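Enquirer: Can you read through this structure? Questions will come right after.
The values are calculated or read from the model by the stated rules, or taken from the named source; none is laboratory data. These figures come from a predicted structure and were not determined experimentally. Cβ: placed from backbone, ideal geometry, glycine included. Neighbour counts: every protein chain shown. What goes into the accessible areas is simple: the full protein's heavy atoms, side chains included, and nothing from ligands, DNA or RNA. Shrake-Rupley method; radii C 1.70, N 1.55, O 1.52, S 1.80 Å.
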Amino acid sequence: MAERIALVTGAATGIGAATTRRLAEQGVRVAVCDINTDAGITLADQTGGQFIACDVTDFESVVAAVETCIVDLGTPDFVHLNAGIMTVPANSSFLSIENVSIDQFERIVGVNLAGVFHGMKAVLPSMQARGVGAVTVTASVAAFGSLPIDPLYSATKHALVGFVRSIADANAHSGIRINVICPG
C-alpha cells in the first residue's frame, strides 16, 4: 500500500500542529509548512514529517512548498490550509478599527484569505489530475457572527466560509472533497 501524504500550512503551532500529530499517528507522512522554522523543524522531527518553509501570503512560496512536497514525499492526498492570524497577537490590547494600520489590514487579509486562495490554486491541479484528494480549510466560529475585538479577523473568516463552500460546489463531481471547519 502506498504511503499517504498530507500537506499542512500553519503547521508549526496550534491547530496545525495538532493536525500534523494526529495525521502522523495514523501513519500519514506530513509536509509541515510554516514560516516558523524552528517550531516547524522540531515538529517535523517529532512526527517523521518534513519541514517546508512556506509563507502563505506569497503565491510563489506556496507553489514551491507544494512542488517540494510532491518531489520529496509525493502528491498530497490531504491538504489542510490552516495558516491564520488575528489583527493583533493574542493577549494584546484591543485595537479599534480606526487604529488598524494598512499594513495590519494587508497582513491579515494576506494570511487568512489570500493564503487559502494561494493554497487552493497550488494544490487543486494535481488533485484534479488524479481525480482524488481532500482539502480542509480552517475558518472560525467568528465566521457566523460579529467579533467586535477583531472585525478584520471575523471578516476574513466570513469570506473563507463562502469561498471554500463555492470551491467545494465547483468541484462536487471531481473526486476531491473540500470542506471548511469552524473551530471555536
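Enquirer: Restricting the search to segment 19-34, which residues are open to solvent by 60 Å² or more (accessible area, probe 1.4 Å) and touching a helix residue (DSSP H, G or I) at 6+ places or on another chain (Cβ under 9 Å)? Lay out the reasoning, then the answer.
Expert: Residues of segment 19-34 open to solvent by 60 Å² or more (accessible area, probe 1.4 Å): 21-22, 25-26, 29.
Once the filter is applied, which keeps residues that are open to solvent by 60 Å² or more (accessible area, probe 1.4 Å) and touching a helix residue (DSSP H, G or I) at 6+ places or on another chain (Cβ under 9 Å), segment 19-34 yields Arg21, Glu25, Arg29.
Enquirer: If you take the residues of segment 154-167 that are modelled with pLDDT of 95 or more and under 13 Å from Met86 (Cβ atoms), which of them is farthest from the chain's Cα centre (by Cα)? Before the answer, list the steps.
Expert: The first filter runs over segment 154-167 and keeps only residues modelled with pLDDT of 95 or more, leaving 155-167.
Still in the running and under 13 Å from Met86 (Cβ atoms): 155-157.
Values: Ala155: 17, Thr156: 13, Lys157: 12 Å.
Among those that are modelled with pLDDT of 95 or more and under 13 Å from Met86 (Cβ atoms), it is Ala155.
Enquirer: Can you tell me how many residues in segment 108-160 are more than 25 Å from Ser93 (Cβ to Cβ) and basic (Lys, Arg)?
Expert: Adding up the residues that qualify gives 2.
Enquirer: Could you list all residues from segment 48-74 that are open to solvent by less than 40 Å² (accessible area, probe 1.4 Å), out of contact with any His (no Cβ under 9 Å at 6 or more places or on another chain) and either in contact (Cβ under 8 Å) with a residue 60 or more places away in the chain or among the acidic types (Asp, Glu) (or both)?
Expert: Hits for segment 48-74 are Val66, Cys69, Leu73, Gly74.
Enquirer: Suppose the filter is assigned to a loop (DSSP other than H, G, I, E, B), farther than 24 Å from Ala18 by Cα and either open to solvent by 30 Å² or more (accessible area, probe 1.4 Å) or basic (Lys, Arg) (or both); does Ser146 pass it? Lay out the reasoning, then the answer.
Expert: Numbers: assigned to a loop (DSSP other than H, G, I, E, B): yes; farther than 24 Å from Ala18 by Cα: yes; either open to solvent by 30 Å² or more (accessible area, probe 1.4 Å) or basic (Lys, Arg) (or both): yes.
In short, yes.
Enquirer: Looking at the structure I just gave you, is Ala2 surrounded by fewer than 20 Cβ atoms within 10 Å (Cβ to Cβ), on the phi < 0 side of the Ramachandran plot, modelled with pLDDT under 95 and not in a strand (DSSP E or B)?
Expert: Working: surrounded by fewer than 20 Cβ atoms within 10 Å (Cβ to Cβ): yes; on the phi < 0 side of the Ramachandran plot: yes; modelled with pLDDT under 95: yes; not in a strand (DSSP E or B): yes.
For Ala2, the condition - surrounded by fewer than 20 Cβ atoms within 10 Å (Cβ to Cβ), on the phi < 0 side of the Ramachandran plot, modelled with pLDDT under 95 and not in a strand (DSSP E or B) - is met.
Enquirer: Which one is modelled with the lowest pLDDT, of the residues in segment 126-143 that are part of a helix (DSSP H, G or I) and either surrounded by 14 or more Cβ atoms within 10 Å (Cβ to Cβ) or out of contact with any helix residue (DSSP H, G or I) (no Cβ under 9 Å at 6 or more places or on another chain) (or both)?
Expert: Residues of segment 126-143 part of a helix (DSSP H, G or I): 126-130, 141-143.
With either surrounded by 14 or more Cβ atoms within 10 Å (Cβ to Cβ) or out of contact with any helix residue (DSSP H, G or I) (no Cβ under 9 Å at 6 or more places or on another chain) (or both) added as a condition, the list becomes 126-130, 142-143.
Values: Ser126: 92, Met127: 93, Gln128: 93, Ala129: 92, Arg130: 92, Ala142: 89, Ala143: 92.
Residue satisfying both the conditions and the ranking: Ala142.
Enquirer: I would also like to ask the following. Which residue is nearest to Gly110 (Cα to Cα), if the candidates are limited to segment 15-32 and must be of a type outside the set (A, V, I, L, M) and free of Cβ contacts under 8 Å to residues at least 40 places away in the same chain? Reasoning before the result, please.
Expert: Initial filter on segment 15-32 (of a type outside the set (A, V, I, L, M)): 16, 19-22, 25-27, 29.
So of that shortlist, the ones also free of Cβ contacts under 8 Å to residues at least 40 places away in the same chain come out as 20-22, 25-27.
Values: Thr20: 23, Arg21: 26, Arg22: 27, Glu25: 32, Gln26: 32, Gly27: 32 Å.
Among residues in segment 15-32 that are of a type outside the set (A, V, I, L, M) and free of Cβ contacts under 8 Å to residues at least 40 places away in the same chain, the one nearest to Gly110 (Cα to Cα) is Thr20.
Enquirer: Looking only at segment 91-138, which residues are over 15 Å from Asp55 (Cβ atoms), among the aliphatic types (A, V, I, L, M) and in contact (Cβ under 8 Å) with a residue 60 or more places away in the chain?
Expert: Val123
Enquirer: Another question about this same structure. What are the pairs, 6+ residues apart or on separate chains, where a residue within segment 168-184 that is over 16 Å from Thr19 (Cα atoms) has its Cβ under 6 Å from a residue that is among the aliphatic types (A, V, I, L, M) and in a strand (DSSP E or B)?
Expert: Ala168/Ile178; Asn171/Ile178; Arg177/Ala134; Ile178/Val135
Enquirer: Among Ala39, Ala90, which is open to solvent by 20 Å² or more (accessible area, probe 1.4 Å), outside any strand (DSSP E or B) and within 21 Å of Lys157 (Cα to Cα)?
Expert: Numbers: Ala39 fails: within 21 Å of Lys157 (Cα to Cα).
One residue alone meets the criteria, Ala90.
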